[in-house]
1. Could you compute the FRET efficiency for Asn197 and Ser226, with r as their C-beta to C-beta distance and R0 at 22 Å, rounded to 0.05?
2. Please give the net charge around Tyr77, taking every other residue with its beta carbon less than 10 angstrom from that of Tyr77, where Lys and Arg add +1 and Asp and Glu add -1.
3. At 7 Å along Cα-to-Cβ for each site, give me the label-to-label distance between Asn43 and Thr99 in nm.
4. Shape verdict for segment 27-130, please, from the Cα gyration tensor: rounded (a/c under 1.5), prolate (a/b greater than b/c) or oblate.
5. Order of Ser124, Ser190 from fewest to most other C-beta atoms within 10 Å?
6. What ranking of Asp144, Asp126 emerges when the number of other C-beta atoms within 10 Å of each C-beta is taken as an exposure proxy, fewest first?
7. Once you list every other residue whose beta carbon is under 12 Å from the beta carbon of Tyr61, what net charge do they have if Lys and Arg are +1 and Asp and Glu are -1?
8. Give me the net charge for the shell around Gly154: Cβ to Cβ below 11 angstrom, other residues only, Lys and Arg +1, Asp and Glu -1.
Amino acid sequence: MKKARFLRYAVLLLAAMTALFLAVSVSAADKSISLNKTEFTQNEDILVTAVGEGTDWVGLYLRGETPGQSACIFWYYVEQDADPGEAVDIRETRTNGQTEYEEVPPGEYTMWLLLNDGYEPFDSVDFTVLATLELDQYSYQEGDDILVTANGSGKDWVGLYQKGEVPGGGVASIYWYYVAEGHTPLEPVSIKGETHNAERGDVADLPAGEYTMFLLANDGYDVIDSIDFKITGSKKTEEPAKAEEPAPAQEPEPAAEEPAAEPAAEPAADAEPEAAPQDTPAAPANDTAGEPAAAKTGCGSMLGSAYIVLAAILGSALLMKKKH
């Protein structure tokens, strides 16, 4: 009995768990998120359609950000804030305080479907917002090229006005062109190379001042987007005239020096004096009879002495020879 009862309970429990699993599986299969397209232009409606239950919610993030680690830009509860399967413009849902992204500027984004008021992702869709109207810079100098990039179709057109002028308000644009006729959307265009309205000849050269570039819809005056910019003075400023350097005072050239008078001819060399006759000294008187005069120093006296010594040696040698 007990064994049969246990088996009956086990079968009932298994059936209940199977039914719950199937219910959850069916519910999960019904959940989804999609967008009306994956490329939008700036200021265009971004329509998201989500299916969920309870507190499942949709959040818009910059691409690459992880829900729960970064704050979302816009968000809404799938069941509480919309009807099931309703297309919702994400820009009209709850904001999260990221004011720099509330206009959903050009960039790459991800739309997430997150479960049960938490950060468990169920699915996501990547999309891109393309620039509607852009300039290569926002401050120019007179004579600069002004490159404008616009996104549009049909008869959407770009018009350049002075700041404060209202398109369709009785004043013509200075320059203008159709975005998709003769050009490709998102192609950089030099506005000064486009159609010029002759009645705006006074500003055809775009002098220094403030201007506004408009993107206007379908050959009319409904503003899709606009950008203010300014033009400052010319790059080429005149160089101040250089002060002339004062000429140095010119001193008169010195008069040519008169050549010095040549010295008088040197006096003739004095004739060399004739050699005075030398008095021949008288021979000294000998005090002793037969004594030779005093010997003179020098080579002559040494040579004589050498002869005497040599003669003495030879004489001794002869004597010795005789003895032997």
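Where a number appears in this text, it was derived from the coordinates with a stated rule and is not lab data. Remember, predicted model here, so these are calculated numbers, not experimental data. Ideal geometry is used to build each Cβ from the backbone, glycine not excepted, and the neighbour counts take in all protein chains shown.
1. On the way: r = 18 Å, r/R0 = 0.82.
FRET efficiency, Asn197 to Ser226: 0.75.
2. On the way: positive: Arg94; negative: Asp56, Glu79, Asp81, Asp117.
Result for the neighbourhood of Tyr77: -3.
3. Result for the modelled spin labels: 2.1 nm.
4. On the way: a/c = 1.64, a/b = 1.38, b/c = 1.19.
Taking the square roots of the gyration eigenvalues as a ≥ b ≥ c, segment 27-130 is prolate.
5. Ser190, Ser124
6. On the way: Asp144 16, Asp126 11.
Final ranking by Cβ density, sparse to dense: Asp126, Asp144.
7. Values: positive: Arg63; negative: Glu65, Glu108, Asp126.
So the environment of Tyr61 carries a net charge of -2.
8. On the way: positive: Lys155; negative: Asp156, Glu181, Asp219.
That works out to -2.
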